[in-house]
Amino acid sequence: MPVERVDPELVEFDVRTDEMLINMGPQHPSTHGVLRLVLRTDGEVVSSAAPHIGYLHRCAEKIGENVSPRQWIPYTDRMDYLAGMNMNLGWAMTVEKLMDLEVSEKTRHLRVIVCELNRIASHLVAAGTYGLDLGSFTPFLYCFREREKILNLFEAVCGARLTYSYIAPGGLIADLPPGWLEACERCLGELQAVVPELHAMLTSNEIFIRRTAGVGVLSPEMAIDYGCSGPVLRGSGVKWDLRRDGQPPVARMYEDYRFEVIAQVDGSYPRDQEYPPVPPEAVVGDCWHRFYVRMLEVVQSIGLVRQAIEHYRRSAGPVSEPIKITQKLPRGEAYLETEAPKGQMGFLVVGDGTAIPWRVRARSSCFCNLSVLTEISRGCLLADIPAILGSLDIVLGEIDR
Amino acid sequence: MIAEYLTTRFGLPEWLACGGVALVQCLILLGIMMFAAALFTWMERKVAGRIQDRLGPTRVGGRFGWLQSVADGVKLLAKEDLIPGEADGLLFRLAPYVSFCAAFCVYLALPFSNGWVAQHLNVGVFFIVAIAGLEVFGVILGGYSSASKWSLYGAMREAAQVVSYEVPLGLCVVIPVMVAGTLDLVAIGNMQRGWGVNWLVFHNPFLFITFFIYALCTLASTNRAPFDLAEAESELVAGFLTEYSGFRWSVFFMAEYGSMYAMSGLGAILFLGGWHGPIPLAEMLGLSYANHAVLGWLGDLLGAGNFLCKAFLGVAAMMWLRWTLPRLRIDQVMTTCLKYCVPLAAAMFVGTMLWTYALPGGLLPRSTPLGAVAEAPPWTAPRAARGERP
Amino acid sequence: MEVGLILDKLKQRFGERILGADLEAADPSIEIAPAALAEVARILRDDPPLRFDYLHCITGVDYVQPDAKKAKSFPWEVHFELLYHLSSMAHRHRLVLRIKLPRWQGGVEGQLPEVPTVSHLWRTADWHEREVFDLSGVRFAGHPDLRRILCPEDWQGHPLRKDYKTAEEYHGIRTR
């Protein structure tokens, strides 16, 4: 029976069976929260995947218009709840940009320490859950075991393990407790030893490579067009990292740090660390590369924390005090993006001369990263959907805000 | 034998005697299977725990949490019995038992030691492979009748996967059968008597490779990771098990563990010497029917221990793989089967055929059995061989 | 390229439709007429010395003080503003496009203001325009699929408007 091609977006198949619409989520083990994907499938082949979001919308921006910047810090924690420090940092620096505040050297380096540690923690969750998406349960627990150590460090710093509210506009709520840096260095040493283990279980595992290499290929042009950022963008071979290329406040924060932006350019990754070889099946921009960039960034961040500890030890004076809750904001607007683990997290603040911002806007990196899913999952297999979704490393708290 | 005894001694009618004996045997086997399933659930948790750098169950029943399975069983029995409103009630209820029966029937023809088998069939291998393949019907029924798209996916995957893997699995099973020249599992086991070099896996290089193909196909046909596509929890929620809970779910579960153990046992008999250990201890100690019936029985007991250990190790290896590897994709599973396993198994078949023609004795010199050659007690021979009505 | 130079370039090309600029602010911005948005955006993206290839964010800001008591000290005139944060990876420069709209089309309450879409130029805009439509209530003409994105499809009103009032209940669920 000849089948009329109704929708040009459909992928042509040799054998056509009845199409099925299937809801993946909002309660599904591998949608990383309450995401709903409506899949149109023909047997095992997915002809289109449409994300439906909003199940975790908590009106963060509206709340931000009713509280002062200090009071909004806990709400930023709950956006990307796997990287609360980086969310705090993004908002704090945006408000500092609006108020034209400078923080002390010690504060700057301490912020680098906690943010890079949080980046490691976030990437560990990404790597672990990615293993889970591909049916390999064990790396998940290895990653969480290591993440626990980082959370213990954070607990010692600010008393919280997930929603830190540690970085505030103008400074930090507290300095480090005694003995913390030594504990941190021990933790980094242990972390460094675990990375090869994860490489063995995932990155260079034959089945893992076959599941991820060449799947969900995102070209650099498309990545930029869709506003992708973070490891998703760099996995496509775009050398772009706000820690180096960002607006002055962000780039200045990492001013005297040595690091290479991790992206495959001209067929190779920066050679500043040991890493397993890129398998021949992998194409730049596929799931494997996105995962790989994250794994390399873990090692990179370990190095950055080490440097930051050195800087911190050398810098004198106290850490900067945060602004008061009732601190009045100047009239005007400021927009700033920082390099969060999942991508470029942007905040906009419009001040009207009172302590309460007139308008607050959070530009979520995962929001843009997720929007590319429909495009790169066209014509893939059902089992590739978790693989692609996992490689985008989304957090619904940040997408829905 | 016991049935005959009961008939002649107590004058019971034959049907009653046979029925009674069959019932007892079934209950014993059911006990073994249930125990195996309980043991393996517990072991799976412990193995997974250890692999993942944690402890696994520690509380229930003392130190090692060894009563965890019992606690689980009680929990599952106490759960609400849920049947989705849209489901086909009859098939939904029937499905777990179809799977379970198929898994259980395999045990009927599986010898645990020299002659220790519920139903000694001279086509034992054939029977087991045929029956084990029926398990998939339960899964398909369950997936179809659940009225859930995820379940349907799981069922369709299982159907595609298991049916395809029956082909290389069958080929792999035929190869040792060809070398042994019989489909009788007791005979196949007994011809591997002696030192470990007599095991069929070491008979020739082709059989050696065949063993690994068999192991792979076993993983696929029992639905174990990395081939657990039918219940792939990250893709299909829980596949065909999505809508099942409580007791019916646990029946599926027992069927899975039961058939894992059975397939592992079949592999042990076909390739790894069955109930004969690497060192012929029983023969060294003179535990054979030639010396005394009790000694012979002890030797068989030792053999049963041997067999159980081997099958147990096979299951442990399956668990080890499950907690180490990611899952394959459906097209990769089918590719593995059709492009690699089937041609390879076929090549091994031809290779073994040529080999047995050229070198009938095998690659390594067969060690001669120590001491008196212990023949199986006469009552363990298949009925047909004894000139009786089968 | 400096924002001043970009402004000159755009002024040459679009003349009157470039309404103004704020070059002193932390984020220099150029204000353009709503109707010219798609054309200006195309030039910004495609002109080789400009190459604004990355759209970061689209924000709708509602400038109105619904509280009559505070309205006297309200520092802005009543209007609605759209902000487009752009940057160029190739040239490493940034720009904010500002568009001032009436709060309601033709001053009729409930009639959403309209601007041309840029989702065909930057795919980022696809979801961002849906979000602005959903939360701030701006209609993007020519958008391929302008639906609510964060709120439920049958939600009433646009929550980030300053005069938004939460409905008493939603499908029988009390919201307050």
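The values are calculated or read from the model by the stated rules, or taken from the named source; none is laboratory data. Every value quoted in this text rests on a predicted model; they were computed, and no experiment measured them. As a convention, Cβ positions derive from the backbone with ideal geometry for all residues, glycine included, and neighbour counts pool all protein chains shown.
Annotations
- Scanning the stretch A:129-162 for residues that are within 11 Å of chain B (Cβ to nearest Cβ) and among the small types (Gly, Ala, Ser) yields a total of 3.
- Filter pass, B:Thr41 being at pLDDT 80 or above and of a type outside the set (Lys, Arg): yes
- Elements of type helices (runs of 4 or more DSSP H) in the stretch A:289-401, at least 2 residues being surrounded by fewer than 20 Cβ atoms within 10 Å (Cβ to Cβ): A:373-376
- Neighbours by Cβ (under 6 Å, 6+ apart or cross-chain): first from the stretch B:230-251, within 13 Å of chain A (Cβ to nearest Cβ); second crowded, with 24+ Cβ neighbours inside 10 Å and among the aromatic types (Phe, Trp, Tyr): B:Ala230/B:Phe240; B:Leu236/B:Trp150; B:Leu236/B:Tyr153; B:Val237/B:Trp150; B:Thr242/B:Trp150
- Filter result for the condition that a residue is closer than 26 Å to B:Gly305 by Cα and without any contact (Cβ under 8 Å) to a residue 40 or more places away in the chain, over B:Leu67, B:Leu110, B:Leu152, B:Leu134: B:Leu67
- Out of A:Val261, A:Val284, one residue alone is in a loop (DSSP other than H, G, I, E, B) and in contact with a Gly (Cβ under 8 Å, 6 or more places away or on another chain). It is A:Val284.
- Residues of the stretch C:28-62 satisfying the condition of being facing chain A (nearest Cβ under 10 Å) and under 27 Å from C:Trp104 (Cα atoms): C:Ser29, C:Leu55, C:His56, C:Cys57, C:Ile58, C:Thr59, C:Gly60, C:Val61, C:Asp62
- Selection status of A:Gly43, over 30 Å from A:Leu304 (Cα atoms), within 14 Å of another protein chain (Cβ to nearest Cβ) and not aliphatic (A, V, I, L, M): yes
- Scope the stretch A:334-346; condition among the charged types (D, E, K, R) and more than 7 Å from every other protein chain (Cβ to nearest Cβ); matching residues: A:Glu339, A:Lys342
- Leading residue by the ranking (farthest from the other protein chains (Cβ to nearest Cβ)) among those in the stretch A:216-248 that are without any contact (Cβ under 8 Å) to a residue 40 or more places away in the chain and closer than 21 Å to C:Ala41 by Cβ: A:Glu221
Listed here are the residues, each with its yes/no results for (1) within 18 Å of the chain's Cα centre (by Cα); (2) polar (S, T, N, Q).
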| position | (1), (2) |
| --- | --- |
| B:Glu80 | no, no |
| B:Phe92 | no, no |
| B:Ser99 | yes, yes |
| B:Glu135 | yes, no |
| B:Ile140 | no, no |
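- Complete set of residues in the stretch B:133-160 that are part of a loop (DSSP other than H, G, I, E, B) and within 13 Å of chain A (Cβ to nearest Cβ): B:Ser148
- Single unsatisfied condition, B:Leu301 versus (1) touching a residue at least 40 places away in the same chain (Cβ under 8 Å); (2) in a helix (DSSP H, G or I); (3) in contact with a helix residue (DSSP H, G or I) (Cβ under 8 Å, 6 or more places away or on another chain): (3)
- One residue stands out in the stretch A:90-108 among those that are farther than 15 Å from A:Tyr335 by Cβ and assigned to a helix (DSSP H, G or I): the one that is farthest from the other protein chains (Cβ to nearest Cβ), namely A:Lys106.
- Here the stretch C:81-137 is the region considered, the condition is being among the charged types (D, E, K, R), outside any loop (DSSP other than H, G, I, E, B) and in contact with a strand residue (DSSP E or B) (Cβ under 7 Å, 6 or more places away or on another chain), and the residue that is nearest to the other protein chains (Cβ to nearest Cβ) is C:Arg94.
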